[in-house]
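Since the structure comes first, as structure tokens, the remarks are kept for the end.
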Amino acid sequence: MSNGEGLAALAGLVVVSGAALIASHRGGGLDGLEGRVSRDEDNLAAEKLDEDTVRALLEAGRRPKARAAVNPLPPRPAPRALAPPPAAPASHSAPIPVDVDFDEMDGKNLPVPADLPKWLRTFDVILINTSAGKDSQAMLDYVYELAVKGGVQDRIVAVHCDLGRIEWEGTKALARLQAEHYGLRFEVVRRDRDLLQQVEHERKKWPSNACRYCTSDHKTSQVVKLITKLVAEKLAAVVRLGRPVRILNCLGLRADESPSRAKKPPLSRDGASNSKREVIRWLPIHRWTEAQVWAQIRKSGVEHHYAYDLGMPRLSCCFCVLASKSALMLAVQHNPALADEYIRVERAIGHRFTDKYSFEDVVEAARKAKVVKVDAWVG
Ligand code: SF4
């Protein structure tokens with residue numbers, strides 16, 4: 001088989017409707033859903049949407065087609081050529097030009113320096129938190145551009161918080177591929193027990209806006225462990241310079257997403273700082289609009305997650321406790337087996353998924369109604 005024939009065969013294997021691909025991977029559980037996958041498509045269930053498949057999709061310039069593209073995007077350009085690595089990569093052990101007095105940076109709302117490429121050179125590690133969602137993807141591309149200008153792209157580390165079975169299929173693999181597109185070091189962190197296990201066996205209650213242990217336990221605290229590891233790697237080289245290791249912790253939060261996110265300082269001292277490390281939290285795209293985010297992604301030519309083409313406004317957990325009911329219904333229709341598992345856990349702990357509705361309510365509604373408009377959610 002020639003390369004071209006092989007690629008065509010591969011594309012034929014993977015190009016099914018987004019719903020078919022997802023439903024076949026997640027398994028059945030919502031009989032009677034409109035547009036349920038055909039038997040031929042069910043045969044694809046054995047094919048896991050693993051990294052090789054996602055990679056093949058990218059190489060073939062294809063991705064799973066959305067069955068119900070609520071927010072279809074225009075075609076993307078070819079991937080942009082990356083800047084060559086710096087001729088003489090900046091060494092982490094070399095003295096770093098310091099034009100920021102970190103002792104003065106205590107408190108919130110630190111001023112964002114005007115010369116960002118130069119400022120990036122003051123950090124030993126530029127840590128990009130990536131969920132593979134649109135905001136972290138745009139942030140990654142933007143910060144990479146700045147780091148190239150500063151000659152410090154080799155200091156970028158991408159970290160993905162692996163949420164396991166509760167994430168949209170293929171998310172971790174896509175996060176890896178997005179990082180690899182830029183030639184970045186990619187780290188995966190995760191808690192031993194996943195969120196569903198934690199809800200069922202430890203907390204016995206769903207997380208909520210007032211108690212977001214899902215974020216603190218499965219994301220923030222896991223990233224802090226990685227920061228500890230990264231600091232240990234740099235410590236010997238940096239300690240002789242008589243200063244702590246400097247970490248820039250970048251998150252793709254945007255003010256537009258919610259009032260609480262709008263209040264977050266774009267630059268602040270991170271609580272993970274201690275005597276060995278100075279951790280600065282930066283929200284590089286805090287003031288960006290959603291249109292700017294998609295423009296940056298299209299400019300990059302790098303693949304985005306298919307969940308957006310299905311109409312989801314956000315990624316991360318398939319079923320977010322903060323999500324709108326319409327978003328949950330859509331997610332349920334594309335992840336029926338996982339929805340069954342959420343119902344089982346909800347019954348086992350006797351605690352409703354949210355104040356407004358139980359998960360069973362959501363699934364019942366998802367069985368009956370086609371989702372034509374998905375409301376965003378705040379949180
Ligand atoms: S997506 Fe929602 S449920 Fe998942 S960690 Fe974030 S806030 Fe919690």
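Below are the figures for this structure:
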{"quantity": "Contact order relative to length of the range 253-314, as percent, for alpha carbon pairs under 8 angstrom and 6 or more apart", "calculated": "28 percent"}
{"quantity": "Label point distance in nm, S221-R298, each placed 7 Å from Cα along Cα→Cβ", "calculated": "4.2 nm"}
{"quantity": "Burial order of peptide ranges 312-324, 126-138, 290-302 (average beta-carbon count within 10 Å, highest first)", "calculated": "126-138, 312-324, 290-302"}
{"quantity": "For V159, distant residues with modelled amide H under 5 Å away", "calculated": "I128, N129, T130, E187"}
{"quantity": "Quarter of the Cα convex hull surface for the range 214-308, i.e. its orientation-mean projected area (nm²)", "calculated": "8.1 nm²"}
{"quantity": "Percent of Cα pairs exceeding the 18 Å cut-off, where the set is the range 301-351", "calculated": "35 percent"}
{"quantity": "Descending Cα extents along the principal axes, the range 144-230, whole Å", "calculated": "49, 26, 23"}
{"quantity": "Amide H partners (placed H, <5 Å) of G311, local residues excluded", "calculated": "V70, N71"}
{"quantity": "Within the range 252-372: Cβ-based charge dipole about Cα centre, in debye rounded to nearest 20 (Lys, Arg +1; Asp, Glu -1)", "calculated": "460 debye"}
{"quantity": "Length released on extending from A376 to R347, taking residue separation times 0.36 nm less the Cα-Cα span", "calculated": "7.7 nm"}
{"quantity": "Distance between modelled label sites at R243 and K356, nm, 7 Å Cα→Cβ extension", "calculated": "4.8 nm"}
{"quantity": "Under the Debye formula (equal points on every Cα, no solvent term), log10 I(q)/I(0) of the range 102-290 at q = 0.11, 0.16 Å⁻¹", "calculated": "-0.50, -1.08"}
{"quantity": "Exposure proxy ranking, count of Cβ atoms within 10 Å, fewest first, for T228, T171, T354", "calculated": "T228, T354, T171"}
{"quantity": "Å³ per residue enclosed by the Cα convex hull of the range 318-379", "calculated": "75 Å³"}
{"quantity": "Under the Karplus curve 6.51 cos²θ - 1.76 cosθ + 1.60, θ = phi - 60°, whole-Hz ³J(HN,Hα) for the range 181-195, x wherever Gly or Pro sits", "calculated": "4, 9, x, 8, 5, 10, 10, 10, 10, 7, 7, 4, 8, 6, 4"}
{"quantity": "Among the listed pairs K172/K276; K134/K368; K205/K276; K204/K370; K118/K299; K204/K263, those beyond 27 Å (Cα-Cα)", "calculated": "K172/K276; K134/K368; K205/K276; K204/K370; K204/K263"}
{"quantity": "Computed FRET value (nearest 0.05) for R185 with N209, which takes r as the C-beta separation and R₀ as 25 Å", "calculated": "0.15"}
{"quantity": "Computed magnitude of the charge dipole of the range 318-379 (debye, nearest 20; Cβ of K, R +1, Cβ of D, E -1)", "calculated": "180 debye"}
{"quantity": "Karplus-derived HN-Hα couplings along the range 304-321 (A = 6.51, B = -1.76, C = 1.60, θ = phi - 60°), whole Hz, x at Gly and Pro", "calculated": "9, 6, 5, 4, 5, 5, 7, x, 6, x, 9, 10, 6, 4, 4, 10, 8, 5"}
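None of the figures in this text is laboratory data; all of them are computed from the coordinates on show. Quantities reported herein were computed from a predicted structural model and do not represent experimental measurements. Note that we place each Cβ from the backbone using ideal geometry, even for glycine, and neighbour counts take in every protein chain shown.
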